[in-house]
Structures are given as structure tokens and as C-alpha cells.
């Protein structure tokens with residue numbers, strides 16, 4: 001995921017995942033056999049009660065200065081014209097801005113804090129609401145290889161990230177999005193949690209299945 005002389009833009013949401021990612025990357029930077037730079041960025045969606053300033057202080061005191069981008073993406077996504085799926089539009093706007101910032105900062109890689117549970121949940125979101133089988137990869141190339149998104153926590157479970165964040169006393173930044181805890185992802189998460197309680201092997205089996213696709217036993221698409 002990381003090569004010598006990489007300049008990596010890190011998306012910092014303020015949650016436990018992105019805070020853990022910062023800790024891991026800066027720790028790795030000190031002892032890795034390759035040299036790389038880290039550029040942390042936070043995109044504020046524009047909701048009232050922003051924690052951006054507190055996050056900026058925390059990141060600068062513990063790592064390096066944080067670049068904060070103040071936007072109206074969250075407000076736009078929750079406008080009357082876009083009531084059906086605000087999360088999709090907000091995520092797309094933020095990702096496009098990260099792409100632009102990476103270009104401006106000379107970064108060819110963007111590191112995001114998605115974990116193993118996120119990847120599994122995305123598989124079901126795509127199946128249930130987009131009618132396709134697909135998820136996030138630990139490393140994905142864009143624009144003909146000019147830019148890559150890396151997810152260093154892709155094989156780490158959420159519960160371990162929570163333990164890690166508690167161990168290091170990471171601060172809590174309250175998500176002020178009006179759709180927080182009311183998203184399709186939350187619905188999928190509750191469904192999966194119920195299944196995991198029934199059988200401890202289910203999570204691992206789902207994760208392995210995404211790399212063990214029996215394509216001969218899938219339905220043919222309309223072009224076949």
C-alpha cells in the first residue's frame with residue numbers, strides 16, 4: 001500500500017477509525033523501511049455545532065497541522081431537492097473534494113479509515129439498494145493509476161479499533177449529521193450484528209467469500 005517517497009493524504013473524519021489510522025500511520029512512519037509523508041485533511045460538511053476546530057487542535061498537538069476544508073456538502077445533501085439519499089451525495093461530494101485536494105497537495109494516494117466491518121456492510125448495501133455485487137477494496141486505483149485509495153485498516157475489525165482507541169484515550173467527536181444512526185448502513189449493521197450473535201463464523205465467512213467468487217454459479221447478465 002505504501003511505497004518509498006509516497007505523499008499520502010489522510011481523510012480524518014474525527015471518528016475512532018480515522019483517529020486510529022493517524023496513530024498507525026505516524027507510528028509506522030517512524031520505523032518503516034521506506035520514507036513517506038502524511039497530509040491529514042478534514043472536510044467539514046457545514047452542519048451547526050461543528051467540531052472541526054477541536055479536531056484541528058487535537059491533530060496538531062499530537063501529530064502535524066490538520067488542513068480543514070469548510071464546505072456546505074452536508075447541507076446540500078440534506079436539501080429538499082435531495083431527500084431520498086443524502087448520504088450518497090454527501091459521500092460523493094467529499095470524495096471528489098479529496099481527489100482535488102490530493103492533486104493540489106501532490107499526493108498520489110489517499111488513506112481512508114474503512115475497516116473490515118465497513119467492507120462487509122458495503123457489500124450488502126450494494127446488493128440490497130444498488131442491485132450489484134461489489135464493495136470497497138484495500139487498494140483501489142483511479143484515473144488510470146494516477147491516484148489510489150488505500151485502506152490500511154481493511155483487515156481490522158471495528159471492535160479492535162474501539163479497544164485501540166480506548167487504550168490511547170482518543171477523544172470523542174460527536175457526529176452532528178442529522179442522518180447519523182438513521183442510515184441504510186445502520187440498518188445493515190444491525191442485521192449483521194444479529195447474525196454474528198447466532199454464529200461466530202459468519203463474519204469471517206462473508207469476508208472470505210468476497211475473494212472466493214464462484215463466477216460460474218452466478219446469473220448471467222443481460223449482455224450474455
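What follows is calculated from the coordinates using simple rules that are stated; it is not laboratory data. Note that the structure is a prediction, hence the values are computed from the model and not measured. Heads up, the Cβs are rebuilt from the backbone with ideal geometry, glycines too, and the neighbour counts pull from every protein chain shown.
Numbers for the structure displayed
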{"item": "Label point distance in nm, residue 126-residue 57, each placed 7 Å from Cα along Cα→Cβ", "result": "4.1"}
{"item": "Helix axis angle, 16-31 relative to the chain longest principal axis, alpha carbon, degrees", "result": "60"}
{"item": "Highest-MSF residue in the chain out of 204, 113, 144 [GNM, Cα springs under 10 Å]", "result": "144"}
{"item": "Quarter of Cα convex hull surface for the chain, i.e. mean projection, nm²", "result": "14.8"}
{"item": "Length released on extending from residue 184 to residue 82, taking residue separation times 0.36 nm less the Cα-Cα span", "result": "35.2 nm"}
{"item": "Potential lengthening between residue 193 and residue 72 on full extension [0.36 nm per residue; Cα-Cα distance subtracted]", "result": "40.2 nm"}
{"item": "In degrees, nearest ten, helix 52-62 long axis to first principal axis of the chain (Cα)", "result": "70"}
{"item": "FRET efficiency, residue 64 to residue 108 (Cβ-Cβ, R0 22 Å, nearest 0.05)", "result": "0.70"}
{"item": "Label-point separation in nm, residue 37 to residue 146, each point 7 Å along Cα→Cβ", "result": "1.9"}
{"item": "GNM top mover of 195, 55, 89 - the chain, alpha-carbon springs below 10 Å", "result": "195"}
{"item": "Overall form of region 121-224 per C-alpha gyration tensor (a/c, 1.5; a/b vs b/c)", "result": "prolate"}
{"item": "Pairwise label distance in nanometres, residue 205 with residue 4, each label 7 Å out on the Cα-Cβ vector", "result": "4.6"}
{"item": "Among 49, 211, 131, residue whose mean-square fluctuation peaks in a GNM of the chain (springs only between Cα atoms under 10 Å)", "result": "211"}
